[in-house]
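To keep things clear, I will list the structure first and then write my remarks on it.
The values are calculated or read from the model by the stated rules, or taken from the named source; none is laboratory data. Since this is a predicted model, take the numbers as computed values, not measurements. Quick reminder, even Gly has a Cβ in these numbers, built from the backbone with ideal geometry, and neighbours come from all protein chains shown.
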Amino acid sequence: MLTSSEPTLWVSEYGWILRGTVNRCLEDGNLELKADDFHSLETLLEESRNDDARGTLPLNYCLRHGRAAFKVQNQVGLIRTGSGQHIEILPKLSRRGSAEDARRTLVRMLVELQDSPFIEAVAADLDVQRMPLFELLLRYFLDQVAAVVRRGIARSYVQREGNLAQLRGKILVRENIRQNAANAARFYCQYEEFMADRPINRLIKSGLVITARLTKLPRSQQICRELLGWFEEVQLPGDWRKELRHIHWDRNVRHYRKAMPPCRMLHERLNPLTRHGENRAIAMLFPMERVFEDYVGACLQRQFGNWRIETQKHSRYLVDEHAGRPIFALRPDFILSRQDQTVVADAKWKLIDQADRSNNYGISQSDMYQLHAYSTKLLKSAKTAEVWLIYPAHQHFKEPLADFELESGQRILRALPFDLESGKLST
């Protein structure tokens, strides 16, 4: 049974976090936080502004109806306040449905994120409706470490030296004379030892220590203790970034690959060991545009398996020559091609309305101009060509819009809904 010291709160992407007297979810995807948790976010926001490596939190501080508030921007994920309160930032579709559905959809999308800390097995094996995203990440890391242990902890020869009772390796003559001039029974030697104390294992052990401090679930705490027993002879890293650079990806550590992305994320974004005290807020957040784009890209590969699909391909410029060189690179999200057909597509994390014709369905002019430029510069030689604007499907956008003709019908622009639940594009 899942238990946690604090309930998981949530706020919608582009929602409001208001300072109040209690922690509670409000209507329309907004959130109220008591003073100490709200102050924890203020401190985290200030720290992020002063730390270029971490980037600025997607929170804008302001007043709303006379109350201190944060306006959430376009990132999703989770924040843990200094008191241990979990706050999930869910996709803006959560305003039109349940938090459970939004959380399940977000995990499904994070599975496809490049360098994702999640995989499909997590969504299938764990109850994502009840387990907070924060605990889901920690459990996934533990599951991957357990898989490493089952296949065997990697060992390698490590060069060591010491004053031994038996000769081993080679004697370091100068140091042996200095230490053993009056004791012929000892030998100061340099030798190699086959052991698990190597950079990748030191990072794994450090990740387990971080997880043990962060998780509130008894089952996860138990798994941490069991796994740490397997790494007893491994030292904790002094500088995890240095250890990361020194990882040698030989054949003995190939089975570590799925464990390392969440391990790195634990050190970079969720690490209380690098802070002054543990009562600090920490965050793991993802730009929603990138999450949607990566998810669409992965699903298109499955749906259009007989097409060649290229992502973020840079091949042409909007201006072919300016002061001796081309400028303004054109880099569409996707180029799909087969035989004499070519499609250029961009994924846009925007909610459009198929009934709102007076407002151009909510499609921005900049999106249309961008796709028109792609059509003009990238599809000139294609016999059959289309450009697609891909938007998330929802209750007000379930069917493709009527085609938009570009250049007297020679090129077609289509606005298509992408079903986040099924991972299918409606064409």
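Taking the conditions (1) at pLDDT 90 or above; (2) surrounded by 14 or more Cβ atoms within 10 Å (Cβ to Cβ); (3) part of a helix (DSSP H, G or I) in turn, residue 19 satisfies each one other than (3). Scanning the stretch 148-182 for residues being over 30 Å from residue 224 (Cα atoms) and of a type in the set (Gly, Ala, Ser) gives a total of 5.
Figure legend. Inter-residue proximity from the stretch 284-310: first residues assigned to a loop (DSSP other than H, G, I, E, B), second residues surrounded by 16 or more Cβ atoms within 10 Å (Cβ to Cβ), beta-carbon distance below 7 Å, spacing 6+ or different chains. Indicated pairs: 304/336; 307/336.
Say whether the condition of being in a helix (DSSP H, G or I) and either in contact with a helix residue (DSSP H, G or I) (Cβ under 7 Å, 6 or more places away or on another chain) or in contact (Cβ under 8 Å) with a residue 60 or more places away in the chain (or both) is met by at least one residue in the stretch 182-199. Yes; the residues of the stretch 182-199 include at least one that is in a helix (DSSP H, G or I) and either in contact with a helix residue (DSSP H, G or I) (Cβ under 7 Å, 6 or more places away or on another chain) or in contact (Cβ under 8 Å) with a residue 60 or more places away in the chain (or both). Counting only residues that are surrounded by 11 or more Cβ atoms within 10 Å (Cβ to Cβ) and outside any loop (DSSP other than H, G, I, E, B), the stretch 242-260 holds 7 of them. Scanning the stretch 221-248 for residues that are of a type outside the set (A, V, I, L, M), at pLDDT 85 or above and within 13 Å of residue 155 (Cα to Cα) gives 230, 231, 233.
Of the residues that sit in the stretch 335-362 and are of a type in the set (A, V, I, L, M, F, W, C) and in a loop (DSSP other than H, G, I, E, B), which one is surrounded by the most Cβ atoms within 10 Å (Cβ to Cβ)? Looking at residues that are of a type in the set (A, V, I, L, M, F, W, C) and in a loop (DSSP other than H, G, I, E, B), I get 352.
Let's see how each residue does on (1) out of contact with any helix residue (DSSP H, G or I) (no Cβ under 7 Å at 6 or more places or on another chain); (2) modelled with pLDDT under 75; (3) surrounded by fewer than 20 Cβ atoms within 10 Å (Cβ to Cβ):
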| site | (1), (2), (3) |
| --- | --- |
| 120 | no, yes, yes |
| 123 | no, yes, yes |
| 127 | yes, yes, yes |
| 130 | yes, yes, yes |
| 149 | no, no, yes |
| 154 | no, no, yes |
| 161 | yes, no, yes |
| 165 | yes, no, yes |
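Among the residues examined, residue 274 does not qualify as of a type in the set (S, T, N, Q), at pLDDT below 85 and in the same structural domain as residue 399 (by TED's automatic domain parsing).
Out of curiosity, is residue 88 at pLDDT 80 or above and more than 14 Å from residue 291 (Cα to Cα)? Yes.
Can you tell me which residue in the stretch 153-180 is farthest from the chain's Cα centre (by Cα), limited to those that are touching a residue at least 60 places away in the same chain (Cβ under 8 Å) and in a loop (DSSP other than H, G, I, E, B)? This residue is 155.
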